[in-house]
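Report on the following structure.
The values are calculated or read from the model by the stated rules, or taken from the named source; none is laboratory data. Keep in mind that this is a model prediction, so the values were computed, not measured. Cβ sites come from the backbone with ideal geometry, for glycine too, and all protein chains shown count toward neighbours.
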Amino acid sequence: MLTFFTTAKPFRDHSGVIQRNAVASWRSLHPEIEVILFGDDAGAAEICAEFGFRHEPRVERNEFGSKRLDCLFDRAQALARHDFLCYINCDILLLADFLAAFQRVRSRHSRFLMVGRRWDTRITEPVRLGEPGAAERLRLLALETGTQRGPDCVDFFLFPRGLYSQMPPLVIGRIWWDHWLVWQAGHLGADVVDVSSCVVAIHQNHDYGYHPAGASGVWTDQQARRNFELAGGRWHLHTIADAKYRLEAHGERRNWFSFWPPYWRVLRPYCIPVWFALLGITRPVRRLLGLRRRPRPVPPAAAT
């Protein structure tokens with residue numbers, strides 16, 4: 001079966017609600033699912049006792065107190081009962097389609113990394129998946145009110161034990177570690193499989209109150225810059241768009257354009273100014289031809 005492992009923020013306030021929702025959803029997927037929760041954050045021991053998870057309070061941290069990813073992966077691969085593991089962020093709700101996708105990918109690939117795009121969804125209350133129809137209501141909530149994020153947001157990484165044996169001391173809570181994991185899998189010869197079409201992975205929206213500068217600090221501070229350097233720079237950073245295969249409802253297909261995203265990420269900063277310059281140059285001609293974009297209508301509720 002499968003071992004999930006993660007680390008969490010303190011289980012209090014809104015973070016406590018969404019994290020509890022998330023771990024409960026993983027546990028409900030199958031009786032043989034194992035969950036390892038790393039860290040001595042407030043409430044972690046109590047959650048593990050309640051759900052029967054394995055609690056590993058000791059984690060390695062850098063000089064700023066941020067948790068190191070390499071130590072989590074090393075320990076999880078050594079401790080896991082199962083031969084397949086999934087590191088997952090502790091705000092992601094999973095439904096039965098996740099396990100179904102895993103079984104399909106496993107049947108076609110022996111050495112792989114399974115990833116997928118998330119659905120950002122507003123959830124503020126406890127979720128009771130044991131109630132009849134609860135899972136389907138959650139799925140519809142995400143599809144109807146949520147937003148599927150682009151390929152840059154990678155929140156779960158399912159892989160066979162031993163795939164990640166040597167990792168730089170990247171830290172959780174900043175950017176770039178997730179993109180390095182995707183690159184490293186492909187670099188090691190594993191098949192990166194995108195299951196976004198088959199899996200509704202529900203990211204429960206939250207703020208970034210754990211950083212004094214909010215989300216911008218997570219992206220730009222000293223630890224984020226260090227993660228970028230430790231990862232080896234932009235050529236060692238891949239996203240879901242780089243996946244070699246895509247799992248879809250009726251089968252799996254090769255992503256023949258997986259070679260292109262690394263080059264586009266390099267070219268994009270130069271192409272965007274050129275694009276806006278072209279728009280400025282051609283504006284008189286477009287006006288003459290009546291090609292100006294019409295303004296979007298204002299919804300009645302916002303027309304104040």
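Given the criterion under 21 Å from Ser28 (Cβ atoms), of a type outside the set (Phe, Trp, Tyr) and modelled with pLDDT of 95 or more, identify the matching residue among Leu129, Leu113, Leu85.
The unique qualifying residue is Leu85.
Of the numbered conditions (1) over 17 Å from the mean Cα position of the chain (by Cα); (2) touching a residue at least 24 places away in the same chain (Cβ under 8 Å); (3) part of a loop (DSSP other than H, G, I, E, B), Glu131 satisfies every one except a single condition; which is it?
(2) is the only condition that Glu131 fails.
Out of curiosity, is Asp120 at pLDDT 95 or above and touching a Pro at 6+ places or on another chain (Cβ under 7 Å)?
When the stated conditions are applied, Asp120 does not pass them.
Restrict the check to segment 144-153 and report whether at least one residue is in a helix (DSSP H, G or I) and assigned by TED's automatic domain parsing to the domain that holds Val17.
Among the residues of segment 144-153, at least one is in a helix (DSSP H, G or I) and assigned by TED's automatic domain parsing to the domain that holds Val17, which makes the answer yes.
If I ask for residues that are surrounded by fewer than 21 Cβ atoms within 10 Å (Cβ to Cβ) and either touching a strand residue (DSSP E or B) at 6+ places or on another chain (Cβ under 6 Å) or among the charged types (D, E, K, R) (or both), which ones from segment 224-247 would you list?
Of everything in segment 224-247, those that are surrounded by fewer than 21 Cβ atoms within 10 Å (Cβ to Cβ) and either touching a strand residue (DSSP E or B) at 6+ places or on another chain (Cβ under 6 Å) or among the charged types (D, E, K, R) (or both) turn out to be Arg225, Arg226, Glu229, Arg234, Lys244, Tyr245, Arg246.
Of the residues Leu69, Leu85, only one is under 21 Å from Pro168 (Cβ atoms), surrounded by 15 or more Cβ atoms within 10 Å (Cβ to Cβ) and touching a strand residue (DSSP E or B) at 6+ places or on another chain (Cβ under 6 Å); which?
Residue meeting the stated conditions: Leu85.
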